[in-house]
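The values are calculated or read from the model by the stated rules, or taken from the named source; none is laboratory data. Just so it is clear, the structure is predicted and the values come from calculations on it, not from any experiment. Neighbour counts are summed over all protein chains in view; Cβ atoms, including those assigned to glycine, are modelled from backbone coordinates with ideal geometry. Surface areas here come from the heavy atoms of the whole protein model, side chains and all, with no ligands, DNA or RNA. Shrake-Rupley method; radii C 1.70, N 1.55, O 1.52, S 1.80 Å.
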Amino acid sequence: MTHSGRKPDEGERYKAILETAARLICERGYEGTSMQEIAAACRMTKAGLYHHIQNKEQLLFAIMNYGMDLFEEQVLSRVQDIADPVERLRACMRHNILLVTRGWSKEVIIILHEHATLTGEARAFIDSRKKRYVDFLEEAFSQAAQQGRIRPVDPTIGAFSFLGMVLWVYKWFKPDGRLSDEQIADGMVELLFPPIVAAAVDGQPGVSSLRMVPRAAASGAGSGGSSGTEGT
């Protein structure tokens, strides 16, 4: 049996239903998509669809849960073992941006766009899965600040600022636009987490730091100039 309680031979069919329904809901919205339309797109009767799905809200929950599975596979599993907290955040941002800009991530977009539609235990369950991501980001920001790699910042502010940048991309990204998703990912990572450069920190030349470190700290006390950060 799979994690959803279905036989292995039913897994691919069920996955196809979720992906087809996610595509339609992304195009038309949850309220604007009927179960009959989803059944037709799946080349099934409505009764056949209900053999796999109890009701429309249960379908939405299943799509979101599947989206969280995709997120954990494509993002968290690839970065959680990176020891350096800044590199962990950089890699996480890049993977997350690419996840929400690529066509096979409709389920993730539904998590973002229809987040207030679920109710009761289903909503609480998805919220708990999302909260684990927030906790992951808060820990990374806290570690980076403690190590002097970024300017001191409340971890919650850091986490939600990160999420605000990343999760809004799906609203404005155009696959046929001037910038590719790779260029956007690179640019946003460099904007929030500039590369390490040689700079004077606390009067010690050559210590690695980020441009996010305040200039006063990077220049050293009583330096009387900005030569310590020149070129950054």
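Over all directions, the average projected area of the alpha-carbon convex hull for the stretch 68-140 comes to how many nm²? Walk me through the intermediate numbers first.
Numbers: hull surface 19.4 nm².
The Cα convex hull of the stretch 68-140, projected and averaged over all directions, gives 4.8 nm².
Please say if the stretch 102-177 is rounded, prolate or oblate, where rounded means a/c under 1.5 for a ≥ b ≥ c the square roots of the C-alpha gyration tensor eigenvalues, and otherwise the choice is prolate for a/b larger than b/c and oblate otherwise?
Oblate, because a/c is 1.5 or more while a/b does not exceed b/c.
Rounded to the nearest 20 debye, what is the charge dipole size of the stretch 65-197 about its Cα centre when +1 sits on each Lys and Arg Cβ and -1 on each Asp and Glu Cβ?
The dipole magnitude comes to about 260 debye.
Can you spot the aspartates and glutamates whose alpha carbon is less than 13 Å from Lys106's alpha carbon? Ignore those fewer than 8 places along the same chain.
In chain and number order, the partners are Glu19, Glu27, Asp69, Glu114.
Between Glu57 and Glu190, what is the spin-label point distance in nm, taking each point 7 Å from the Cα along the Cα→C-beta axis?
With each label point 7 Å from Cα toward Cβ, the separation is 4.7 nm.
Once phi is turned into θ = phi - 60°, what whole-Hz ³J(HN,Hα) does the Karplus curve with 6.51, -1.76 and 1.60 give for every residue of the stretch 71-86, x standing for Gly and Pro?
4, 5, 6, 8, 10, 4, 5, 8, 10, 5, 9, 6, 5, 6, x, 6
If you take the beta carbon distance between Leu179 and Thr156 as r and set R0 to 35 Å, what does 1/(1 + (r/R0)^6) give as a FRET efficiency, to the nearest 0.05?
That pair, Leu179 with Thr156, gives E of 0.70.
For the stretch 23-74, compute Rh as the Kirkwood radius over C-alpha pairs and then the Stokes-Einstein diffusion coefficient at 37 °C and 0.692 mPa s; write the answer in µm²/s, rounded to an integer. Numbers along the way, then the final one.
Details: Rh = 11.7 Å.
So the translational diffusion coefficient is about 281 µm²/s.
Over all directions, the average projected area of the alpha-carbon convex hull for the stretch 22-143 comes to how many nm²?
8.0
If you place +1 on the Cβ of every Lys and Arg and -1 on the Cβ of every Asp and Glu, how big does the dipole about the Cα centre of the stretch 1-156 come out, in debye to the nearest 20?
It works out to roughly 280 debye.
If Lys and Arg each add +1 and Asp and Glu each add -1, what is the summed charge of the other residues whose beta carbon sits under 14 Å from the beta carbon of Met68?
0
Distance check, please: which entries in Lys15/Lys46; Lys46/Lys171; Lys46/Lys174 exceed 28 angstrom between their Cα atoms?
Distance filter (> 28 Å) returns Lys46/Lys171; Lys46/Lys174.
Using heavy-atom solvent-accessible surface (probe 1.4 Å) with all chains present, what is the largest-first order of Leu89, Leu192? Display every interim value, and only then the final one.
On the way: Leu89 0, Leu192 35 Å².
The ranking, largest first, comes out as Leu192, Leu89.
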